[in-house]
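Here is the structure we will look at, set down as structure tokens.
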Amino acid sequence: MKRLAFWVVFLSVSGALFVHQWKTKDPLHNHPVLLEQWARHNIRLLAHPHPQVAADAWVTLWNLFHRKWQVYHLLPAHFTDASPIHFLIDRKSFAATGEQPALEAFFGEAKPIYYRSERIYCRTVGEALMAMMYREGKWKIDYQDDWNTWWQLNRTYYSH
């Protein structure tokens, strides 16, 4: 009976410590090997046929891109990926607020790409990643926020 009590207590405490470590350390987003695999998995999911799954992958990648240098440097290698996307990436304008300048940025929406839209900017995974990286401040300054010029000059620059 003592052994059974020991194992019940031991496994309960171990499980609680594991859950605590997982939540506080977040190894999926902090471990270098797991982070790279997680990013590549989400890059593959951009081509998923269900728009909600692909849009969720877009949001996950966007968050990783802006928080982790490893992902920041991983994305350009996938700019030549010609797999079609099945969700809409649209450009939205935001007015200047306080110290923030006006912003016109790309956002993934869980709508099929054939959704009625005047402006469809991206049709492939590579284009979707380029739109994500276009939000980077340096490129907006270099090209005066002109998406078409930036796109024409950079679409072949990242070819291998």
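Every number in this text was worked out from the coordinates using simple rules, so none of it is lab data. Worth saying up front: this structure is predicted, and the values here are computed from it rather than measured. We place every Cβ from the backbone using ideal geometry, glycine too, and count neighbours over all the protein chains shown.
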Quiz item: Using mean Cβ contacts within 10 Å as the protection proxy, how do 40-51, 6-17 order, highest first?
Solution: 40-51, 6-17
Self-check item: Segments 83-90, 58-65 sorted - mean Cβ within 10 Å per residue, highest first
Solution: 83-90, 58-65
